[in-house]
Amino acid sequence: MVETYKNVVVAVDFSEKAQIAFERGVRIANLTGATLNLICVIDTHSFGSVEAYDLKYAKALKDKAIDHLNEFKTQAEQSGVANVQIVVEEGSPKNVLTSLTTADLIIVGATGLNRAERFLLGSVSESVVRNANCDVLVVR
């Protein structure tokens, strides 16, 4: 018996690669009947050290992310996906994405980081590939 995906997670940061990841996620969810989970992680680790500014900025980013994810949700539903969930988390994208316990497949976009940044920081997609407990699809 062939296993099929039941919970597909698409990491969305609203970049061009994330748009491609979203489109693949919609296709896979339609083919498998999976729940499509659209997740945006607000990277609060990159904020400055002033706490009041951090909280205000994080709230604005979260509100904007929810609006964008709702647009993606509508597109996915119009494309035939029966069950679409949206999630906005705060923290490190690498940690949040690799700690998802119900995902069967995580879809991420390839990064545009240059070699020096990748060496120093590592890419989110690379971290997910190395550390996730499920299948990972990296789109270009």
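The values are calculated or read from the model by the stated rules, or taken from the named source; none is laboratory data. Being a predicted model, the structure only gives us computed values, none of them experimental. All Cβ positions, glycine included, derive from the backbone under ideal geometry; neighbour counts span all protein chains shown. Remember, those area values only see protein heavy atoms, side chains included, never the ligands or the DNA or RNA. Shrake-Rupley method; radii C 1.70, N 1.55, O 1.52, S 1.80 Å.
Just one residue in the set L55, L38, L31 is farther than 16 Å from S125 by Cα and at pLDDT 75 or above; that residue is L31.
Before we move on, is N70 touching a strand residue (DSSP E or B) at 6+ places or on another chain (Cβ under 8 Å), assigned to a helix (DSSP H, G or I) and modelled with pLDDT of 90 or more?
When the stated conditions are applied, N70 passes them.
Suppose we filter segment 58-67 for residues that are open to solvent by 50 Å² or more (accessible area, probe 1.4 Å) and either in contact with a Pro (Cβ under 8 Å, 6 or more places away or on another chain) or at pLDDT 90 or above (or both); how many remain? Count: 5. Taking first residues from segment 71-87 that are of a type in the set (G, A, S) and partners that are part of a helix (DSSP H, G or I), the Cβ contacts under 7 Å between residues at least 6 apart in sequence or on separate chains come to A76/V26; S79/V26; S79/N30; G80/N30. Among residues of segment 123-135 that are closer than 10 Å to K94 by Cα, those with a beta-carbon under 6 Å from a residue that is among the charged types (D, E, K, R) at least six positions away or on a different chain give the pairs V124/K94; S127/K94.
Out of the residues in segment 1-29 meeting the condition of being touching a Leu at 6+ places or on another chain (Cβ under 9 Å) and in a helix (DSSP H, G or I), tell me which one is most open to solvent (accessible area, probe 1.4 Å). The extreme case among them is R24.
Report yes if V87 is at pLDDT 90 or above, outside any helix (DSSP H, G or I) and in contact with a strand residue (DSSP E or B) (Cβ under 7 Å, 6 or more places away or on another chain), otherwise no. Answer is yes for this residue.
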